[in-house]
1. Return the residues of segment 121-161 that are under 21 Å from Cys74 (Cβ atoms) and charged (D, E, K, R); say none if nothing qualifies.
2. Looking at segment 143-155, can you tell me whether even one residue there is aromatic (Phe, Trp, Tyr) and surrounded by fewer than 19 Cβ atoms within 10 Å (Cβ to Cβ)?
3. Out of (1) out of contact with any Cys (no Cβ under 6 Å at 6 or more places or on another chain); (2) open to solvent by less than 60 Å² (accessible area, probe 1.4 Å); (3) of a type outside the set (A, V, I, L, M); (4) within 29 Å of Tyr91 (Cβ to Cβ), the odd one out for Asp167 is which?
4. Identify, please: which residue in segment 201-218 is open to solvent by 20 Å² or more (accessible area, probe 1.4 Å) and in contact (Cβ under 8 Å) with a residue 24 or more places away in the chain and is, among those, farthest from Ala116 (Cα to Cα)?
5. When segment 114-128 is examined, which residues are found to be open to solvent by less than 40 Å² (accessible area, probe 1.4 Å) and in contact with a helix residue (DSSP H, G or I) (Cβ under 8 Å, 6 or more places away or on another chain)?
6. Quick one: which residue in Asn160, Asn198, Asn191 is in contact (Cβ under 8 Å) with a residue 24 or more places away in the chain, more than 21 Å from Glu118 (Cα to Cα), of a type outside the set (Gly, Ala, Ser) and surrounded by fewer than 20 Cβ atoms within 10 Å (Cβ to Cβ)?
7. So which residues in segment 84-113 are open to solvent by less than 10 Å² (accessible area, probe 1.4 Å) and either over 14 Å from the mean Cα position of the chain (by Cα) or at pLDDT below 95 (or both)?
8. Could you tell me which numbered condition Gly144 fails, if it satisfies all but one of (1) touching a residue at least 24 places away in the same chain (Cβ under 8 Å); (2) more than 24 Å from Gln82 (Cα to Cα); (3) of a type outside the set (Phe, Trp, Tyr)?
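The values are calculated or read from the model by the stated rules, or taken from the named source; none is laboratory data. Bear in mind that the values here come from a model prediction, so they are computed numbers and not experimental data. With ideal geometry, Cβ positions are generated from the backbone for all residues, glycine too; neighbour counts draw on all protein chains shown. Only protein heavy atoms, including side chains, enter the accessible area calculation; ligands, DNA and RNA are left aside. Shrake-Rupley method; radii C 1.70, N 1.55, O 1.52, S 1.80 Å.
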Amino acid sequence: MKRFLPFVIIAAVALVTVGLATAVYRVKTRPAPAPAAGAAGTPTPAEAPEDPSLHVRGPRNAPVTLEIWGDFQCPSCALVSQAIDELQKQYEGKMRVVFHEFPLEMHKHAMEAAMAAEAAGVQGKFWEMHDMLYEYQPVWSKVGDVGYFFETYAGQIGLNVEQFKADRQSQEIETWVMADGQAGSARGVKNTPTLFLNGREVRSGFTKDTLQGEIEAALSAKKGS
């Protein structure tokens, strides 16, 4: 019996981990309960609070929503992020960007970077860390220990670094990242970057010009509907 005990313990831990990931996924994707019919002061969909689990830039009622499943150590993701930032300024008020975590196993520090971004998000600075990680990707992606670099970035964007260090290594954050990746896999995401524009996967090239063409087409479709 004793020689089987380690396998029993491993199986139990695996079940708990899967259970946590499933629970977080359900919390993140569960729709808000519908308000009672005729309730006074019920907000319209555009006025209702944004889902706090989402990382969003841009107004909720924007005619174009661009969802990204990204990996912070993916060079193509860094290039796409820069193009999207420029386009969002160009289409100010018309474009909403939603970022989802999809760290790839082939990238040594991708999971650590995703957890760093989520840990920054706990303190309301997800996008600031998002921008730091992509801007300095050529630096931190080549080192052995990324902890010093991520903590330096945390200090530069005004985070409580001790809290950031604790959150960056927490099981809750790891489970959250895994759940985001599982949600992407459920939508058919396999590589990064994967983009969806108004719910439709973008399959053309991800240069600024090609993305602008996709956005213009989506805006025209909205006007015509």
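1. Pass one, segment 121-161, residues under 21 Å from Cys74 (Cβ atoms): 121, 126-147, 149-150, 153.
Listed by number, the residues that qualify are Glu128, Asp131, Glu135, Lys142, Asp145.
2. Filtering segment 143-155 for residues aromatic (Phe, Trp, Tyr) gives 148-150, 153.
Next, from what is left, pick out any that are surrounded by fewer than 19 Cβ atoms within 10 Å (Cβ to Cβ): 148.
Within segment 143-155, one or more residues are aromatic (Phe, Trp, Tyr) and surrounded by fewer than 19 Cβ atoms within 10 Å (Cβ to Cβ).
3. Only one criterion in (1) out of contact with any Cys (no Cβ under 6 Å at 6 or more places or on another chain); (2) open to solvent by less than 60 Å² (accessible area, probe 1.4 Å); (3) of a type outside the set (A, V, I, L, M); (4) within 29 Å of Tyr91 (Cβ to Cβ) is unmet by Asp167, namely (4).
4. Step one: list which residues in segment 201-218 are open to solvent by 20 Å² or more (accessible area, probe 1.4 Å), which gives 201, 203-210, 212-214, 216-217.
Remaining after also requiring in contact (Cβ under 8 Å) with a residue 24 or more places away in the chain: 206-208, 212.
Details: Phe206: 26, Thr207: 27, Lys208: 27, Gln212: 30 Å.
Ranking the qualifying residues of segment 201-218, first place goes to Gln212.
5. Let us first name the residues in segment 114-128 that are open to solvent by less than 40 Å² (accessible area, probe 1.4 Å), namely 114-121, 126-127.
Listed by number, the residues that qualify are Ala114, Met115, Ala116, Ala117, Glu118, Ala119, Ala120, Gly121, Phe126.
6. Numbers: Asn160 fails: more than 21 Å from Glu118 (Cα to Cα); Asn191 fails: more than 21 Å from Glu118 (Cα to Cα).
Asn198 is the lone residue from the list that is in contact (Cβ under 8 Å) with a residue 24 or more places away in the chain, more than 21 Å from Glu118 (Cα to Cα), of a type outside the set (Gly, Ala, Ser) and surrounded by fewer than 20 Cβ atoms within 10 Å (Cβ to Cβ).
7. Of all residues in segment 84-113, those open to solvent by less than 10 Å² (accessible area, probe 1.4 Å) come to 84, 87, 95, 97-99, 101, 109-110, 113.
Matches in segment 84-113: Ile84, Leu87, Met95, His109.
8. The single condition Gly144 does not satisfy is (1).
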